[in-house]
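*Asks:* A single structure is presented below for examination.
The values are calculated or read from the model by the stated rules, or taken from the named source; none is laboratory data. The structure displayed is predicted, hence computed values, not measured ones. Neighbour counts are summed over all protein chains in view; Cβ atoms, including those assigned to glycine, are modelled from backbone coordinates with ideal geometry.
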Amino acid sequence: MKIACTYEGGQIFQHFGHTENFKIYTVEDGKVVSSQVVPTLGSGHGALAGFLSAQGVDTLICGGIGGGAKNALAEAGITLFGGCSGSCDEAVAQLISGTLSFDPDVMCSHHSHSHTDGHTCGGHGSGHTCGEHGCH
């Protein structure tokens with residue numbers, strides 16, 4: 001099993017399509033046997049599903065993600081655990097143990113999704129990040 005986590009400074013990066021790095025974990029017999037941080041080299045949104053597939057990834061942990069990227073991951077056969085936050089290492093350990101808290105209906109559209117506090121997912125000018133305002 002190969003698990004990827006959107007990665008920034010050890011934490012789950014909250015915008016899948018804008019992630020600059022993934023931390024990819026190889027899991028065997030319920031234990032992480034290796035991990036490495038891999039740069040996306042400018043790939044974005046739907047192209048990231050192909051990037052992950054080429055890396056042999058079958059599972060993704062991330063924060064916010066849009067519908068198009070969710071579809072691309074599904075088409076690539078990559079299982080999604082979205083709406084997560086916190087430490088990548090801890091999230092992977094929780095996934096392996098079956099205790100990871102995630103949102104199966106995670107959705108973050110930067111184009112038309114609005115929130116009750118009057119801003120859109122892309123409108124983070126007031127210091128909001130996607131993981132802080134119910135985008136997922």
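*Asks:* Report yes if some residue within the stretch 62-78 is assigned to a strand (DSSP E or B) and aliphatic (A, V, I, L, M); otherwise report no.
*Replies:* From the stretch 62-78, those assigned to a strand (DSSP E or B) are 64; that's our starting set.
Remaining after also requiring aliphatic (A, V, I, L, M): none.
Taking every residue of the stretch 62-78 in turn, none turns out to be assigned to a strand (DSSP E or B) and aliphatic (A, V, I, L, M).
*Asks:* Does the stretch 18-29 hold any residues that are modelled with pLDDT under 95 and either in contact with a Leu (Cβ under 8 Å, 6 or more places away or on another chain) or of a type outside the set (Asp, Glu) (or both), and which are they?
*Replies:* Of everything in the stretch 18-29, those that are modelled with pLDDT under 95 and either in contact with a Leu (Cβ under 8 Å, 6 or more places away or on another chain) or of a type outside the set (Asp, Glu) (or both) turn out to be His18, Thr19.
*Asks:* Residue under question is Asp117, and the condition is that it be modelled with pLDDT of 50 or more and either at negative phi or surrounded by 14 or more Cβ atoms within 10 Å (Cβ to Cβ) (or both); does it hold? Reasoning before the result, please.
*Replies:* Values: modelled with pLDDT of 50 or more: no; either at negative phi or surrounded by 14 or more Cβ atoms within 10 Å (Cβ to Cβ) (or both): yes.
Considered against the rule, which asks whether it is modelled with pLDDT of 50 or more and either at negative phi or surrounded by 14 or more Cβ atoms within 10 Å (Cβ to Cβ) (or both), Asp117 comes out as no.
*Asks:* Checking Ala49 against (1) at pLDDT below 95; (2) assigned to a loop (DSSP other than H, G, I, E, B), only one condition comes out false. Which one?
*Replies:* In the conditions (1) at pLDDT below 95; (2) assigned to a loop (DSSP other than H, G, I, E, B), Ala49 misses (2) alone.
*Asks:* Moving on. Yes or no: the stretch 93-109 includes at least one residue that is touching a Lys or Arg at 6+ places or on another chain (Cβ under 6 Å) and modelled with pLDDT of 95 or more. Before the answer, list the steps.
*Replies:* At the first step, the residues of the stretch 93-109 found to be touching a Lys or Arg at 6+ places or on another chain (Cβ under 6 Å) are none.
Scanning the stretch 93-109, I find no residue that is touching a Lys or Arg at 6+ places or on another chain (Cβ under 6 Å) and modelled with pLDDT of 95 or more, so the answer is no.
*Asks:* What residue, of Gln55, Gln94, Gln11, is surrounded by fewer than 20 Cβ atoms within 10 Å (Cβ to Cβ) and free of Cβ contacts under 8 Å to residues at least 24 places away in the same chain? Let's see the steps before the verdict.
*Replies:* Details: Gln55 fails: free of Cβ contacts under 8 Å to residues at least 24 places away in the same chain; Gln11 fails: free of Cβ contacts under 8 Å to residues at least 24 places away in the same chain.
On inspection, the qualifying residue turns out to be Gln94.
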